[in-house]
Amino acid sequence: MTSPYDLASALDGFLREAGDGATGEHDAVARLVIAPTGLRVRVSATGAEHLLPWRGAKLQRRSDGALVVRTNRGVAGSQDPDFLRAIEAAVGNELGDQIARLAGERTGLRASGWLGCVVFTALTVWLISSIPGCVRGAADSAVESAPFSVDEKLGEIAEGAMEVGELVEDERVVKALEAMVARLQRGIVDVGGAPPVTWHVRIVRDKTVNAFALPGGYITVFTGLLEAAETPEMVAGVLAHEMAHVTQRHGLRRVGQSLGFFAAIQLVLGDASGLGRIAKEVLTIASVNAYSREQENEADLLGVRFLHAARIDPRGLGEFFALLKQKYGDVPGTYTWLSTHPQHAARIAAITSEAERLGLVTFEAIEVDWPAIRAALK
């Protein structure tokens with residue numbers, strides 16, 4: 001099966017095997033995958049794989065225009081103009097200052113009769129990138145002004161662009177998840193303040209422990225996550241978290257912050273060609289859980305409120321975090337539902353505190369034979 005993450009976030013590039021980085025003399029051709037935990041590099045000639053962690057990484061522009069990621073484990077880079085944007089989408093929080101600096105640089109454009117326009121554009125980009133707070137504010141304002149139909153269209157396009165393998169069609173499994181989503185939707189209505197959403201759920205046969213929701217209400221759950229969850233309340237907790245990303249329009253906000261104010265304006269205007277280009281960015285952000293720490297925390301707490309309002313025990317969400325911590329540790333495997341901010345203890349504490357703040361109610365068990373559902377997946 002072709003991984004959707006390779007389609008969404010892989011670029012051609014190189015691994016620096018020797019030299020000081022001044023030229024490309026010693027570059028080894030490689031395939032780069034922008035992952036939440038680091039830059040994954042596969043050398044084409046040998047098949048050797050390397051992980052260059054984002055923590056402590058330095059982003060530099062080489063003399064030939066290539067963007068280079070320099071770490072204590074090695075140096076890799078790419079000439080692809082989308083490389084910086086892909087890094088920003090995945091780990092903008094971690095490397096924000098370096099990304100803002102590089103976004104303001106001119107990258108070897110040739111002089112022409114359009115020089116004045118180029119200079120003006122470069123200065124504009126530099127100005128916007130130098131004040132990320134203003135950019136975020138402008139992008140958020142643009143998203144707030146966009147009708148929810150924009151979310152629905154983007155989600156539809158992004159889901160259609162994602163290549164997946166076998167879909168699970170067993171009615172026992174599908175109906176169990178659809179029932180959870182319907183019950184959570186009633187909780188969302190009780191909490192209030194969310195746009196009306198028509199939810200679409202699909203289950204993909206893949207051992208990866210992951211789930212994500214695209215704008216507009218398109219939810220994808222991998223069988224690896226269902227097999228890992230020990231109770232239906234754990235799955236409901238994951239669904240509530242992902243549904244919160246949708247109701248808060250986090251995907252669109254990240255796109256606006258990643259691609260800039262002008263992309264956010266395209267969302268408002270509903271430009272068809274612009275939506276098509278932005279849909280790929282949306283898929284990247286959602287499928288690798290490349291949300292900001294603030295958005296992840298908001299989805300945790302709002303998910304707890306959805307669960308509580310639906311009379312589903314919200315402790316299941318914290319228990320799932322604890323289960324994953326036990327199985328994977330503090331540094332998750334690539335592309336698991338643990339996201340880019342695997343601070344399990346802090347998130348579990350926040351979830352528990354919010355559940356206690358909401359108070360005890362009579363929780364109603366999710367009526368499903370969960371062992372039978374897990375067995376059906378096999």
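The table below gives the values:
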| item | result |
| --- | --- |
| Output for region 34-69, where each listed residue is charged (D, E, K, R) and either crowded, with 20+ Cβ neighbours inside 10 Å or closer than 24 Å to R293 by Cβ (or both) | R40, R55, K58 |
| Complete set of residues in region 359-370 that are modelled with pLDDT of 90 or more and either over 16 Å from M180 (Cα atoms) or surrounded by 11 or more Cβ atoms within 10 Å (Cβ to Cβ) (or both) | F363, E364, A365, I366, V368, D369, W370 |
| Breaking point among (1) at pLDDT 80 or above; (2) touching a helix residue (DSSP H, G or I) at 6+ places or on another chain (Cβ under 9 Å); (3) farther than 26 Å from L301 by Cα, for E171 | (2) |
| Region 52-85: number of residues that are assigned to a loop (DSSP other than H, G, I, E, B) and among the hydrophobic types (A, V, I, L, M, F, W, C) | 3 |
| Matching residues in region 288-319 - criterion: being of a type in the set (A, V, I, L, M) and either out of contact with any helix residue (DSSP H, G or I) (no Cβ under 8 Å at 6 or more places or on another chain) or at pLDDT below 90 (or both) | V288, A290 |
| Selected residue (only one of G237, G256 is buried (at least 22 other Cβ atoms within 10 Å of the Cβ), at pLDDT 95 or above and not hydrophobic (A, V, I, L, M, F, W, C)) | G237 |
| Any hit, region 187-197, residues being within 21 Å of R374 (Cβ to Cβ), assigned by TED's automatic domain parsing to the domain that holds A299 and modelled with pLDDT of 90 or more | no |
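The values are calculated or read from the model by the stated rules, or taken from the named source; none is laboratory data. What you see is a predicted model; the values in this text were computed from it and never measured. So basically every Cβ, Gly included, is an ideal-geometry build from the backbone, and we count neighbours across all protein chains shown.
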